[in-house]
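All remarks here apply to the structure that follows.
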Amino acid sequence: MNESQTRPLADAVPSAAEIFIDVQRAFAEDIGPGDATADMLDPDARATATLTCREDAVLSGAPWFDACFRTLDPDVRIEWSARDGDRIAASSVVCHLAGKARALVTAERSALNFLQLLSSTATTTARYVDAIAGTGTRLLDTRKTLPGLRRAQKYAVRCGGGMNHRIGLFDAMMLKENHIIAAGGIAQAVAAARAIHPGLPLIVEVENLDELGQAIEAGADRALIDNFSLPMMREAVTLAAGRLPLEVSGNVEIDTIRAIAETGVDFISSGALTKHVRAVDLSLRLDL
């Protein structure tokens with residue numbers, strides 16, 4: 001197995017421009033034409049604030065948090081006590097802010113929405129990564145993300161210690177049952193896919209060991225073994241014998257992932273990392 005087969009398909013670190021677009025979209029729905037309540041405050045008044053995390057978590061989303069406040073107050077000062085990817089203990093102070101009072105109260109909800117969501121994704125990812133520690137299997141995300149926040153959530157997966165699968169339908173090819181049927185078989189589907197997009201990674205979803213053998217012979221870059229039993233997964237690992245990586249997806253939960261990893265598969269992908277969202281409990285309070 002070469003390096004190109006074992007590295008992640010994507011690196012979903014968003015650019016500053018992408019983060020700015022996310023923030024503008026959040027402000028458009030929350031602030032709209034203006035913050036009616038904050039109009040009561042002196043536009044020149046300044047304040048300080050403290051961000052506290054009320055539970056154990058993995059931090060993610062600081063660039064979005066910062067961008068929310070700096071968009072409204074370019075001179076705001078934000079001093080972080082932790083960085084994205086750090087594990088934070090309950091009751092920890094995460095950062096201090098100092099700037100215009102209006103900007104602090106107006107940007108608060110959007111900033112916290114980003115930080116709570118992305119820290120949730122990172123925290124869940126870290127739990128799954130911990131569950132398979134020592135097995136050699138790597139954890140991947142999926143395309144089951146919140147609309148409009150895919151790169152943000154995939155960034156959070158990396159903060160939690162996971163790896164990124166393809167970003168979308170454009171940066172890798174995945175041949176599923178219907179693609180294979182329409183093409184006339186696995187060999188034909190792989191040949192047709194290679195002819196059209198020779199530079200893209202090619203994954204073939206297989207339903208049994210015979211199809212896995214066909215995917216290996218056809219020269220796929222990875223096989224997705226979906227709904228295999230644990231004994232079948234072990235047989236698949238023996239059959240592949242390192243010739244192509246094996247990925248398991250479907251019905252992957254925190255209480256099943258360790259047993260799957262112990263079969264020797266290379267990757268496990270789980271939509272639970274990004275679609276099962278429970279916001280991390282963070283609190284931003286102005287200092288008295």
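The values are calculated or read from the model by the stated rules, or taken from the named source; none is laboratory data. Everything numeric here is computed off the predicted structure, so don't read it as measured data. Ideal geometry is used to build each Cβ from the backbone, glycine not excepted, and the neighbour counts take in all protein chains shown.
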Worksheet item: When you go through (1) within 30 Å of LEU51 (Cα to Cα); (2) surrounded by fewer than 21 Cβ atoms within 10 Å (Cβ to Cβ) one by one for VAL280, which number turns out not to apply?
Response: (2)
Worksheet entry | Hits in region 27-63 (condition: under 34 Å from the mean Cα position of the chain (by Cα), among the polar types (S, T, N, Q) and surrounded by fewer than 18 Cβ atoms within 10 Å (Cβ to Cβ)) | THR48, THR50, THR52
Worksheet entry | Candidates ALA183, ALA195, ALA218, ALA189 - the one that is without any contact (Cβ under 8 Å) to a residue 12 or more places away in the chain, touching a helix residue (DSSP H, G or I) at 6+ places or on another chain (Cβ under 6 Å) and more than 20 Å from SER270 (Cβ to Cβ) | ALA183
Worksheet item: When region 246-262 is examined, which residues are found to be assigned to a strand (DSSP E or B) and of a type outside the set (A, V, I, L, M)?
Response: GLU247, SER249
Worksheet item: Do you know which residues across region 164-202 are surrounded by 13 or more Cβ atoms within 10 Å (Cβ to Cβ), of a type in the set (S, T, N, Q) and in a helix (DSSP H, G or I)?
Response: GLN188
Discussion item. Please verify whether GLY161 is surrounded by 18 or more Cβ atoms within 10 Å (Cβ to Cβ), modelled with pLDDT of 95 or more, in a loop (DSSP other than H, G, I, E, B) and on the phi > 0 side of the Ramachandran plot, treating the condition exactly as stated.
Written reply: yes
Discussion item. I'm checking my understanding of the structure. Among residues of region 67-84 that are within 18 Å of ALA16 (Cβ to Cβ) and either in contact with a Pro (Cβ under 6 Å, 6 or more places away or on another chain) or basic (Lys, Arg) (or both), which one is surrounded by the most Cβ atoms within 10 Å (Cβ to Cβ)?
Written reply: ARG70
Practice prompt. Tell me, please, whether a residue that is over 28 Å from MET163 (Cα atoms) and assigned to a helix (DSSP H, G or I) can be found in region 71-84.
Written response: yes
Discussion item. I need the full set of residues from region 1-26 which are buried (at least 17 other Cβ atoms within 10 Å of the Cβ) and at pLDDT 95 or above, in order please.
Written reply: ILE19, ASP22, VAL23, ALA26
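Could you tell me how many of the residues in region 122-158 are hydroxyl-bearing (Ser, Thr, Tyr), out of contact with any Cys (no Cβ under 8 Å at 6 or more places or on another chain) and part of a helix (DSSP H, G or I)?
Final tally of qualifying residues: 4.
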Worksheet item: Which of the residues spanning region 215-245 are outside any loop (DSSP other than H, G, I, E, B), closer than 19 Å to THR142 by Cα and touching a Gly at 6+ places or on another chain (Cβ under 8 Å)?
Response: ASP226
Discussion item. Please pick out the residue among VAL94, VAL105 that is in a strand (DSSP E or B) and more than 20 Å from the chain's Cα centre (by Cα).
Written reply: VAL94
